[in-house]
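Trainee: One structure, as C-alpha cells, below. Some questions next.
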Amino acid sequence: MSRELSHEKIRKMCVAALLCAVGILIPILSPVKIQIPPMSFTLASHVAVFLAMFISPAVGLTVEVGTTLGFVLAGFPPIVVLRAAVQIVFVALGAYWLRGDMKKLKSPARAAAFGLVTGAIHGVCEALVVTWFWFGGSVEGSFLSTVVGLVGFGTLVHSMVDYYIALFIWKPARRVFYQG
C-alpha cells in the first residue's frame with residue numbers, strides 16, 4: 001500500500017470519527033428540538049450524515065452506523081433508534097449516487113433533485129418504521145395524518161433543511177477533507 005493511499009484512508013477514518021461524534025452529540029445537546037410523537041425534529045441532526053455522504057460511500061455508511069449507535073447509547077426509545085437505523089437506506093443510495101463526486105450537485109437543479117430524492121427515500125423509510133408501531137397500537141393518531149403526513153412528509157422537509165445546511169457547511173469545509 002502506497003504511503004499516499006494510507007494517508008488518505010487515515011484522513012477519511014478520522015473525518016468519519018469526527019462526524020460520528022457530531023452526529024451523536026447534536027440530537028443529545030441541540031436546543032432546537034420539536035417533539036410531536038412519534039416524531040422528533042432536531043435541527044441539523046442529519047448534517048453530519050450528509051457531509052459524510054459527500055465524502056464517500058464508506059464514510060457515509062460508517063457515520064450513519066455510528067450515529068445510530070449513539071441513539072442507542074443515549075437511551076432513545078426503540079421507535080427513534082429504528083428510525084435512525086433505517087436511514088442507512090437513504091445514506092447508502094445517496095452516497096453511491098455521489099461516490100464522492102460533488103460535481104454531480106454543481107447546478108441548483110441537480111442539487112435540489114438529489115435532496116428531494118434522498119429526502120423522499122428518507123421519509124418513506126421512517127414512515128415504514130412508524131407504520132409497524134402504528135399497527136402495533138403504540139402510535140396514536142390517524143394513519144394519514146400521523147404516519148404519512150407527520151412522519152413521511154415531515155421527514156422529507158426535515159431532511160431537506162438539514163441537507164441545505166450541510167451544503168452550506170460543505171463549501172468551506174471541503175478544503176479540509178481534500179487537502180494533501
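A short reminder: the numbers here are calculations on the coordinates, not readings from a lab. Since we're looking at a predicted model, the values are computed, not measured. Please note: Cβ atoms are built from the backbone with ideal geometry, for glycine as well, and neighbour counts cover all protein chains shown.
Trainee: Along the positive direction of the dipole of the stretch 3-178 (beta-carbon charges: Lys, Arg +1; Asp, Glu -1; about the Cα centre), which of V117, L167, G70 reaches farthest?
Mentor: The listed residue farthest towards the positive side: L167.
Trainee: Which angle from 0 to 90°, rounded to the nearest 10, does the C-alpha axis of helix 3-29 make with the longest principal axis of the chain?
Mentor: For helix 3-29, the angle is close to 30 degrees.
Trainee: Note down, for the chain, the three equivalent ellipsoid semi-axes (square root of 5 times each alpha carbon gyration tensor eigenvalue), biggest first, whole angstrom.
Mentor: Ellipsoid semi-axes (Å, largest first): 30, 18, 14.
Trainee: For S2 and A58, what is the calculated FRET efficiency with R₀ set at 30 Å and r taken between the beta-carbons, to the nearest 0.05?
Mentor: In this case the efficiency is close to 0.95.
Trainee: Which value at 222 nm does the chain reach when only helices count, each DSSP H run of 4 or more adding -39,500 (n - 2.57), with the total divided by all residues and rounded to the nearest 500 deg cm²/dmol?
Mentor: -23500 deg cm²/dmol
Trainee: Could you name the lysines whose alpha carbon sits less than 16 Å from that of K171, not counting residues in the same chain fewer than 8 places away?
Mentor: K103, K104, K106
Trainee: To the nearest 20 debye, what is the magnitude of the charge dipole of the chain about its Cα centre, counting +1 on the Cβ of each Lys and Arg and -1 on the Cβ of each Asp and Glu?
Mentor: Charge dipole of the chain: 760 debye, to the nearest 20.
Trainee: Follow-up. Can you give the extra length, in nm with one decimal, that the chain gains between V117 and S30 once fully stretched, where that is 0.36 nm per residue apart less the Cα-Cα distance?
Mentor: Going from the current span to full extension adds 28.7 nm.
Trainee: On a 0 to 90° scale, report how tilted helix 87-98 is relative to the longest principal axis of the chain, with both axes built from alpha carbons and the result rounded to the nearest 10.
Mentor: Orientation of helix 87-98: about 40 degrees from the principal axis.
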